[in-house]
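The values are calculated or read from the model by the stated rules, or taken from the named source; none is laboratory data. Just so we're clear, the structure is a prediction, and the values are computed from it rather than from any experiment. Glycine gets a Cβ as well: all are built from the backbone with ideal geometry, and neighbour counts include every protein chain shown.
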Amino acid sequence: MGEISQFFFWMGGVVTQPLEPLLSTALQDAGSPPVNLPAREGFAQACEKLTLGALDELDFFREIASMAGVPAPPEKLREALLARVSALPDILPTIDLLPPSFGRWLVVDFPRAWFELLKDRLGLAPIFQDDHILFLDESGLKSLVPDAFFYLAHRTGHRLTQCLLFDADSHHCVSALYHGFPAAIQVDARRLNREFLLREFIPRGPLEHRPSTIVKEFSN
C-alpha cells in the first residue's frame, strides 16, 4: 500500500459518463445525426477551456453546435446534456468501501454550475465532503495536463507520492505517471473494487456487503 492515502476521482468518466458521449447524445436529442466530435477541429481545445473555466458554458455549446452543423440553441443542448448525466453503476458504493482514514477527493471537470444542479440527484454528498470537492474551472490553470496534477497535490497539501488518481482517460493517467503522480485507469466499479483489493486499500470481507455487480464477479 505504500504511502498512498489520498484518492482522487475524476468526475467525468469515473463517477459519471465522460463529456463527449453526453454531448453526442444531447446533439441527437436536438435532431443531429450521429457525429464524431473528437475528430472535429477544435473539439478537444473547447472541452479543455470549458473544464478550466476559460470558456462560458453557453459559448461552449454554441461551438459544439457549430461543429456538428446543428442550429440548436445552446440552452437546449445544455438542458439535454444535464438530463442525461447519471452516476455510473455501483461506482459510489464502491468508492464508499474505502476506510475513513483515506482522503476521498472528487475532481470536477464540469462547470461548477452543472455540479450544483447535479450533486443531489447523483447522491454525492454521502461520499465526498464539501471540502474534498475540487473544481477545475476555479483553479486558474492555463493548461490541464500536466498542470492539474501539481494543482491537486498542492491544493490538498499532500505529496505526489501520497496521491492516487483514478481517471478513465488513458492520456491523463500516462501523463500523471510520467510526472510522478500515481494514477490508474478507471473502467468500471468492478475493476475499481479489484484495484482496491489488490493494493490492500480495503479488506477482503463478506461478499454480501459489496455492491451487487461485485458480488457476481467474485462469486464466479
Does S175 satisfy the criteria of being touching a residue at least 40 places away in the same chain (Cβ under 8 Å) and either more than 19 Å from Q186 (Cα to Cα) or surrounded by fewer than 20 Cβ atoms within 10 Å (Cβ to Cβ) (or both)?
no
Within segment 80-87, identify whether any single residue is of a type outside the set (A, V, I, L, M), modelled with pLDDT of 95 or more and either more than 28 Å from N193 (Cα to Cα) or touching a strand residue (DSSP E or B) at 6+ places or on another chain (Cβ under 8 Å) (or both), and answer yes or no.
yes
Go through segment 17-33 and give me each residue that's in contact with a helix residue (DSSP H, G or I) (Cβ under 7 Å, 6 or more places away or on another chain) and of a type outside the set (A, V, I, L, M).
P18, E20, S24, T25, D29, S32
Residues of segment 83-132 satisfying the condition of being closer than 21 Å to H154 by Cα and assigned to a helix (DSSP H, G or I)
R112, D130, D131, H132
Going by what's in this entry, would L50 be described as in contact with a Cys (Cβ under 8 Å, 6 or more places away or on another chain) and surrounded by 19 or more Cβ atoms within 10 Å (Cβ to Cβ)?
no
Given the structure, is P211 within 27 Å of D109 (Cα to Cα), at pLDDT below 95 and either acidic (D, E) or surrounded by 15 or more Cβ atoms within 10 Å (Cβ to Cβ) (or both)?
yes
For segment 51-69, indicate whether the set of residues that are in the same structural domain as T25 (by TED's automatic domain parsing) and under 21 Å from C173 (Cβ atoms) is non-empty.
yes
Residue hits (segment 181-190; modelled with pLDDT of 95 or more and closer than 15 Å to L164 by Cβ) are F181, P182, A183, A184, I185
Considering only residues that are surrounded by fewer than 19 Cβ atoms within 10 Å (Cβ to Cβ) and either touching a Cys at 6+ places or on another chain (Cβ under 6 Å) or outside any loop (DSSP other than H, G, I, E, B) (or both), which ones fall in segment 133-151?
I133, F135, E138, D147, F150, Y151
Tell me, please, whether a residue that is closer than 30 Å to A80 by Cβ and either polar (S, T, N, Q) or in contact (Cβ under 8 Å) with a residue 12 or more places away in the chain (or both) can be found in segment 152-164.
no
Consider A72 against the criteria (1) surrounded by 18 or more Cβ atoms within 10 Å (Cβ to Cβ); (2) more than 14 Å from the chain's Cα centre (by Cα); (3) closer than 21 Å to A183 by Cβ: it satisfies all of them except one. Which criterion is unmet?
(3)
What pairs come out if I take residues in segment 1-25 that are part of a strand (DSSP E or B) and pair them with residues that are of a type in the set (D, E, K, R) whose C-beta lies under 6 Å away, six or more apart or interchain?
F7/R104; W10/D167
(1) outside the structural domain of L134 (by TED's automatic domain parsing); (2) farther than 19 Å from Q28 by Cα: which one isn't true of A113, the others all being true?
(1)
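Which of the residues spanning segment 12-43 are at positive phi and surrounded by 20 or more Cβ atoms within 10 Å (Cβ to Cβ)?
Result: G13, single match.
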